[in-house]
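Enquirer: One structure is given below, represented as structure tokens, and several questions about it will come after.
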Amino acid sequence: MSGPGEGPPTARSGTVALVGRPNAGKSTLMNRLLGEKLAIVSDKPQTTRQRLVGILSSERGQMVFYDTPGVHRPLHRMNKQMVRHSQEALDEADVVCLLVDAAQPTGKGDAYMRELVERARGPKIALLNKIDRVAKPNLLPRIAEYAAGDRFREIIPISALTGDGVARLEAVLWELLPEGPPRFDPELLTIHPERFLAAERIREKVLEVTRDELPFASAVVVERWEEEPERDLTRIYASILVERPGQKKIVIGRQGAMIRQIGTAARLDLEEFLETRVYLDLHVRCQPGWREDQRLLADLESGVYWAGE
Ligand SMILES: Nc1nc2c(ncn2[C@@H]2O[C@H](COP(=O)(O)OP(=O)(O)OP(=O)(O)O)[C@@H](O)[C@H]2O)c(=O)[nH]1
Ligand SMILES: [Mg+2]
């Protein structure tokens, strides 16, 4: 029997920014919270390049996550833009989650991140991530580090990879979010166009197989997209942009081995994502200085690429 006033909890609705240094596990965590692979993930830093919106709707209400680029010292226009996206998400969100890679020793960047987060208006949570790789005794000093100064409402050790601690985090977030109606149709997982999400998934495969400066110097654009529903087929024509001819040679690989490997992995992933058969036409295009090109950077964000006359 339920007493008076014990009806269902009032619906919550608001935004949650996931911020931190590169590689902390922000995108892995957003995917885990959504139960879907929306954001791309890699072991290279600076994987996420813009704010990614992920929507979680349940009987408790609606949480809108902002997955953000890792905060780093920006050396190119693209990177300045990346850090700006993180700052904007931090400024706008109702709740801020600071993710820390607890498997790495504390560094200068951690103090800087804490200062940035401190300035956010809403409640803040510190998430000590990757606890699957940390021995318990080593975790205690990290917890103390974040508990000092009472900046954070909660300090939650989690593993975005295994899901450890994530249910508790979700419960805490529902409590912290304001009451209100959902902002988006509860059926929606995200607001980004399919073309952009497809380009991201191709880029994930590029990140998987490249190393050194190449992950930072490459981007993926979808140039043409054709659907043939009667044949259950989507034709995607995309280019991998690099900055120098030498990089182009590497991405193509010996007798095209590397680009074929990227293409096969990307096609299989896109078939699962789009739930159609996919024909993927992939090229490598050398475009010096693309990371400084304002117009191209805008195209990359919208997923609509203008190849020029
Ligand atoms: N062992 C372990 N690895 C993790 C965990 N969370 C993330 N990772 C790994 O850490 C790496 C970076 O993960 P991402 O989710 O791409 O990190 P990110 O913070 O989004 O990185 P940027 O977008 O570059 O800022 C990947 O190799 C993940 O598999 C975790 O809880 N445990
Ligand atoms: Mg990321």
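Enquirer: How much net charge surrounds Lys80 when only other residues with a Cβ under 15 Å from its Cβ are counted (Lys, Arg +1; Asp, Glu -1)? Don't skip to the answer; put the middle values down first.
Expert: Details: positive: Arg49, Arg51, Arg73, Arg77, Arg84, Arg291; negative: Glu88, Glu292, Asp293, Glu301.
Here the count lands on +2.
Enquirer: Would you please report the Å³ per residue occupied by the convex hull of the alpha carbon atoms in the stretch 131-283? Let's see the in-between values first.
Expert: Values: hull volume 29.3 nm³, N = 153.
Per-residue hull volume (Cα only) is 191 Å³.
Enquirer: Now for a different question. Given Cα pairs under 8 Å that are at least 6 residues apart, what percent is the relative contact order of the chain?
Expert: 17
Enquirer: Moving on. Between Val166, Gln247, Pro123, whose Cα lies farthest towards the positive end of the dipole of the chain when Lys and Arg beta carbons carry +1 and Asp and Glu beta carbons carry -1, centred on the Cα centre?
Expert: Result: Gln247.
Enquirer: Here's a follow-up. Hey, how many Å between the Cα centroid of the stretch 233-309 and the Cα centroid of the stretch 15-29?
Expert: First find each Cα centre; the distance between them is then 25 Å.
Enquirer: With each pseudo-label sitting 7 Å past Cα toward Cβ, what's the Gln294-Arg260 distance in nm, one decimal?
Expert: Rounded to a tenth, the inter-label distance reads 4.4 nm.
Enquirer: Contour minus end-to-end for Asp281 and Glu213, with contour as 0.36 nm per residue of separation and end-to-end as the Cα-Cα distance? Please list the in-between numbers first.
Expert: Working: separation 68, 0.36 × 68 = 24.48 nm, distance 2.45 nm.
Gain on extension, Asp281 to Glu213, equals 22.0 nm.
Enquirer: Extending each Cα 7 Å along its Cβ direction at Ala11 and Asp232, get the distance between those two points in nm, one decimal.
Expert: 3.7
Enquirer: Quickly work out the Arg151-to-Leu189 label distance, labels modelled 7 Å from Cα along the C-beta direction, and quote it in nm with one decimal.
Expert: Between Leu189 and Arg151, the simple spin-label model gives 3.4 nm.
Enquirer: How big is D for the chain, in µm² s⁻¹ as a whole number, if Stokes-Einstein is applied with the Kirkwood radius of its Cα pairs at 10 °C and 1.306 mPa s? Please list the in-between numbers first.
Expert: Numbers: Rh = 20.7 Å.
Rounded to a whole number, D works out at 77 µm²/s.
Enquirer: On to the next question. Test of the criteria: in the stretch 45-128, which trypsin sites (Lys or Arg not before Pro) are in a DSSP loop and have at most 15 other Cβ atoms within 10 angstrom of their Cβ?
Expert: Arg119, Arg121
Enquirer: I'd like the Karplus ³J(HN,Hα) series for the stretch 165-176: coefficients 6.51, -1.76, 1.60, θ = phi - 60°, whole numbers in Hz, and an x wherever there's a Gly or Pro.
Expert: x, 6, 5, 5, 4, 4, 4, 5, 4, 4, 5, 7
Enquirer: Straight distance only, please: which lysines reach the Cα of Lys248 with their own Cα at less than 16 Å, same-chain residues fewer than 8 apart left out?
Expert: Within the straight-line limit of under 16 Å, Lys248 reaches these lysines: Lys205.
Enquirer: Specify the inter-centroid distance of the stretch 185-212 and the stretch 46-69, based on alpha-carbon positions, in whole Å.
Expert: Rounded to whole Å, the Cα centres lie 14 Å apart.
All of the numbers you see were taken from the coordinates with simple rules; none came from a lab. All of these numbers come straight from a predicted model, not from anything done at the bench. When we count neighbours, we look across all protein chains shown, and the Cβ atoms used for this are built from the backbone with ideal geometry, even at glycine.
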